[in-house]
Amino acid sequence: MATMPMTKLLETLPRPSRLTIAALALALAVAPALAQSAQPPRKPAGPWMNKTLSPDQRADLVIKALTLDEKISLLHANGWEMGGPETLPLRALGNAGFIAGIPRFGIPDLQMADATVGVTHSSVFGRYSTPLPSTIAEASSWDVDLAREYGSLIGRELRDQGYTMTLGGGVDLTREPRNGRNFEYHGEDPVLAGTMTGAEMKALQEQHIIGDLKHYAMNDQESGRSFVNVKVGKRAMRESDLLGFEIALKGSGAGAVMCSYNLVNGDYACENDYLLNQALKKDFGFQGFVISDWGATHSTAKAANAGLDLEMPEADYFGEALKKAVESGEVPVSRLDNMAHRILRSEFAVGLFDNPPDRRVPDVFHGLEVAERVAEQTIVLLKNANGQLPLAASNIHSIAIIGSHADVGVLSGGGSGQVDPIGGNAIPWAVSNGQVWHRSSPLKAIRAKAPGAKVAYDPGTDTNAAAALAKASDVAIVFVNQPTGEGDDVRSLSLPDQQDALVSAVAAANPHTIVVIESGGAITMPWIDKVSAVLEAWYPGTRGAEALAGILFGDVNPSAKLPVTFAKSEADLPHPVEMLQPPPRQGEEVPMFPGAPWKVNTRRFDIEYDEGLLVGYKWYDAKNKQPLFPFGYGLSYTTYSYSGLKASSAQVTFDVKNTGKRAGAEIAEVYATLPLAAGEPFQRLVAFKKIALEPGESKSVTLDLNPHYLSIFNEDKNGWELVAGEYTVEVGGSSRDLPLRGTFRTGD
Ligand code: BGC
């Protein structure tokens, strides 16, 4: 598509503008078709419509009826929105991907939308979708029911718009805290990330939408993502990032897995036999299809035989080239059939044949209500000195709100995980630096909670002016932000634009300074000792400000806990300096986003994830480093106590009591340290549960221990092994606050 003028124009623009322009043009081009119907006319067809047969039996019956060309037509796309609207068939709804079905067999169109934190690109078509808090926030709830609600809402809104497949489901671990896409993932622990993503995707698929897990695998940084070769050991992979995928897959039965741009141990992820055939399909038992990330296919026979089933977003390798490879025997017919089978099977399994999309007006009120509830359950209280929070509106005469456009909005993450802001960007594009701000105003929400107080706003651009307002106010609330997005990593965990200096100046002027952080992941806080309270709000979505005000004024008792470690400084990270790509050679074009250049770019470089399976807190625990805030940490307006641990290899039982005066919900975390013979002398999360407790109430909690989560991956045997010996189990409210300790033995 590189030769097309539209594409060339688009490639010169930042991604949000490209998408907007492309989508606008597309809307004009396809409007007449959309006005009629987004779906092909369907004829009731064939024996595969017998619902008593299994998805596999039904898929096989379809395969028997298809010609070679028809099978191949299911295995690649024919254009995408960023390739220019002229590349798209008329039935395409105009999001990230489209594959035409075959109406005479009832095979549905695959209408794919990016939908990590809500359905993207709605506004240009005059549609609505809810911008939810980011998935790193969702993970902070540690609440499986909330994850289900999150997935269910996205699934419903996809279906309302006529889509049949999501491209969400980010489960790469936060191995590199500067990764620009951490906000789209579910934190640094495989059990937490896998469980939450699994619950989300299961609920999404119940809406008759094909679920997706991405980006498989080891796509843990954006720098050089199209050509970086990740070097990492098998055991380390299987016990970290791949375990997250495995758990998410088993919890959801997701119909698709998206292979990533990068190479892993010498082979591109989308033609990596170990990742696709051996681990994913054989060991995890994945029965759905592998879809390439956009432009991540690099070969025909090698990719097909290594396990890639579907090329996106064009047909460079899986169109005519695949036909030739099948005819010449390079790709066996049985493999071709299996590729088509996997796609059809996923379509049958989620009910796409039996329940074609039924477009309708989305339930906006429900969406907003879910967005606010999710935000309330996902904002983490990190510091609360002297009971600074919650604020008592009746005692406060003046509040200073400072920084981060808090008069009008809250920040969104960028790239394909960005949902269009309802009503448009809260900040004029000309001054937004390409960032999107949802129209959820902290200033207004705080004013509504403190109607008797004078609530004034200062943009924070002039430190002295901000400090002066803070000094003249009873309380100062400073909003700070760290924008992140697809295609780029942050160069540093420090806040950009002198915001650290702003916080320090405000804190020096007012002893009641509260900091609210809007970020996609961890940041450093050189001012932590100077402020009285800190809230991590992540990118909190379209009702973020309302949820935040509820927490600030105590209508909501915070319960969320960190799904990632916050380091004191970058010096404590496994790689203090990010393993960036080498500088471009003179005259060389280095794509930030995939586009035509991915096809010609041959430069590769290695990064060695030599921390291996020591991802996140495991690194800090093994190296005896004190983090700023540990994994699993988060405060509440009440307190909890733990007692009475009984542990066996099958389950743990303990009591949790609310020892304070407010109702709350405690996330109880269970960690295990394996016998010495396992060679892993550090703890790992093995179970967790969120428990609602009235003041003074105590509950007995029993959690099953999954032997898989207690095992190590034995490379020689290519399997999981429960090492015999003594296991230590610790239970408490954070990875660094575990008051209960017990042991059990296995295998003696
Ligand atoms: C991203 C994927 C996304 C796809 C389609 C790629 O650049 O890495 O996450 O689903 O584009 O927009």
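The values are calculated or read from the model by the stated rules, or taken from the named source; none is laboratory data. Note that the structure is a prediction, hence the values are computed from the model and not measured. Glycine also receives a Cβ, built like all others from the backbone with ideal geometry; neighbour counts cover every protein chain displayed. Each accessible area value is taken on the protein alone, full model and side chains, heavy atoms only, with ligands, DNA and RNA left out. Shrake-Rupley method; radii C 1.70, N 1.55, O 1.52, S 1.80 Å.
What does the accessible area of Asp60 come to, in Å² to the nearest 10, when a probe of 1.4 Å is used?
The value for Asp60 is about 70 Å².
Assuming a ≥ b ≥ c are the square roots of the Cα gyration tensor eigenvalues, decide whether segment 62-350 counts as rounded (a/c under 1.5), prolate (otherwise, with a/b larger than b/c) or oblate. Intermediate values should be presented prior to the final figure.
Working: a/c = 1.59, a/b = 1.16, b/c = 1.37.
Oblate, because a/c is 1.5 or more while a/b does not exceed b/c.
How many nm is it between the label spots at Asp60 and Ala677, if each spot is 7 Å from the Cα in line with the beta carbon?
That separation, rounded to one decimal, is 4.3 nm.
For segment 377-448 and segment 484-545, compute the distance between their C-alpha centroids and round to whole Å.
12
So how do 334-346, 132-144 stack up, highest first, on mean other-Cβ count within 10 Å?
The peptides rank, most packed first, as 132-144, 334-346.
Relative contact order for the chain: what percent, with Cα pairs under 8 Å and sequence separation of 6 or more?
Normalised by residue count, the contact order of the chain is 13 percent.
On a 0 to 90 degree scale, rounded to 10, what angle separates helix 241-252 from the longest Cα axis of the chain?
Long axis of 241-252 versus the principal axis of the chain: about 80 degrees.
Along the Cα→Cβ direction, 7 angstrom out, place labels at Asp716 and Lys454. What is the inter-label distance in nm?
Here the modelled spin labels are 7.6 nm apart.
For segment 628-696, calculate the relative contact order in percent as a whole number, restricting contacts to Cα pairs under 8 Å that are 6 or more residues apart.
Taking the mean separation of contacting Cα pairs over the length of segment 628-696, I get 29 percent.
Using per-residue counts of other Cβ atoms within 10 Å, averaged over each peptide, order 695-705, 477-487 from highest down. Don't skip to the end; give the middle numbers.
Numbers: 695-705: 13.8, 477-487: 25.0.
Result, highest mean first: 477-487, 695-705.
With N residues in segment 227-350, what two-decimal value do you get for its Cα radius of gyration over 2.2 N^0.38 Å?
Numbers: Rg = 14.1 Å, N = 124, 2.2 N^0.38 = 13.7 Å.
Here the answer is 1.02, to two decimals.
Please provide three numbers in whole Å: the alpha-carbon extents of segment 201-251 along the principal axes, with the largest listed first.
Largest first, segment 201-251 extends 38, 24, 10 Å along its Cα principal axes.
Once the other residues with Cβ under 14 Å from the Cβ of Thr542 are scored (Lys, Arg +1; Asp, Glu -1), what is the net sum?
-3
Relative contact order of segment 100-212: what whole-number percent is it, with Cα pairs under 8 angstrom and at least 6 residues apart?
The normalised contact order for segment 100-212 reaches 31 percent.
May I ask for the Kirkwood hydrodynamic radius of segment 617-746, worked out over all distinct Cα pairs and given in angstroms to one decimal?
Hydrodynamic radius (Kirkwood, Cα pairs) of segment 617-746 is 15.6 Å.
May I ask you to evaluate 6.51 cos²θ - 1.76 cosθ + 1.60, the Karplus curve with θ = phi - 60°, for each residue of segment 343-349 and list the ³J(HN,Hα) values in order in whole Hz, giving x for glycine and proline?
Taking θ as phi minus 60°, the curve returns 5, 4, 4, 5, 5, 5, 4 Hz for segment 343-349.
Determine, from the Cβ-Cβ distance of Ser328 and Asn624 and an R0 of 56 Å, the FRET efficiency 1/(1 + (r/R0)^6), rounded to the nearest 0.05. Intermediate values should be presented prior to the final figure.
Values: r = 58 Å, r/R0 = 1.04.
Result of the calculation: an efficiency of 0.45.
For helix 55-65, report the angle its Cα long axis makes with the longest principal axis of the Cα atoms of the chain; keep it between 0 and 90° and round to the nearest 10°.
Between the helix axis and the principal axis of the chain, the angle is about 30 degrees.
Can you give me the Rg/Rh ratio for segment 386-453, using Cα atoms for both radii and the Kirkwood formula for Rh?
Expressed as Rg/Rh, it is 1.09.
Among the listed pairs Lys234/Lys282; Lys561/Lys623; Lys561/Lys689, which are separated by more than 19 Å between their Cα atoms?
Exceeds cut-off: Lys561/Lys623.
Can you give the helix-only mean residue ellipticity at 222 nm for the chain, where every DSSP H stretch with n ≥ 4 adds -39500 (n - 2.57) and the sum goes over all residues, rounded to the nearest 500 deg cm²/dmol?
Working: 19 runs with 195 residues, N = 748.
After summing the helix terms and dividing by the residues of the chain, the value is -7500 deg cm²/dmol.
What is the helix-to-structure angle for 499-509, meaning the angle in degrees between its Cα long axis and the longest Cα principal axis of the chain, kept from 0 to 90 and rounded to the nearest 10?
Compared with the principal axis, the helix lies near 20 degrees.
What list of ³J(HN,Hα) values in whole Hz, one per residue of segment 116-125 in order, does the Karplus curve 6.51 cos²θ - 1.76 cosθ + 1.60 (θ = phi - 60°) give from phi, with Gly and Pro shown as x?
5, 10, x, 6, 8, 6, 6, 5, 5, 9
Give the Cα extents of segment 102-259 along the principal axes, in whole Å, largest first.
Each principal axis gives a Cα extent; for segment 102-259 these are 47, 35, 30 Å.
Under 5 Å between amide hydrogens, which residues at least 5 positions from Met258 or on another chain qualify, with H placed 1.01 Å from N in the peptide plane?
Sorted by chain and number, the residues that satisfy this are Leu213, Lys214, Tyr216, Ile291.
Give the long-range amide H neighbours of Gly541: residues separated by 5 or more places, or on another chain, with amide H under 5 Å away, using H modelled in the peptide plane at 1.01 Å from N.
Amide H to amide H, under 5 Å and 5 or more residues apart or across chains, Gly541 pairs with Ser134.
Once you treat every alpha carbon in the chain as an equal point and sum by Debye, what is log10 I(q)/I(0) at q = 0.05, 0.09, 0.10 Å⁻¹?
-0.24, -0.80, -0.99
In nanometres, what is the gap between the two model label sites at Ser394 and Asp462, each 7 Å from Cα along Cα-to-Cβ?
Modelled inter-label distance: 3.8 nm.
Taking the Cα atoms of segment 365-564 alone, what are Rg (to one decimal) and Dmax (as a whole number) in Å?
15.6, 47
Work out from phi, with θ = phi - 60° and the Karplus expression 6.51 cos²θ - 1.76 cosθ + 1.60, the ³J(HN,Hα) of each residue of segment 334-339, listed in order in whole Hz, and give x for Gly and Pro.
Ordered by residue, 3J(HN,Hα) equals 4, 5, 4, 4, 5, 4 Hz.
Taking amide H positions as placed 1.01 Å from N in the peptide plane, with prolines and chain starts having none, which residues 5 or more places from Ala77, or on another chain, fall under 5 Å of its amide H?
Sorted by chain and number, the residues that satisfy this are Glu311, Glu314.
In whole Å, what are the extents of segment 342-416 along the principal axes defined by its C-alpha atoms, from largest to smallest?
Projected onto its principal axes, the Cα set of segment 342-416 covers 61, 27, 27 Å.
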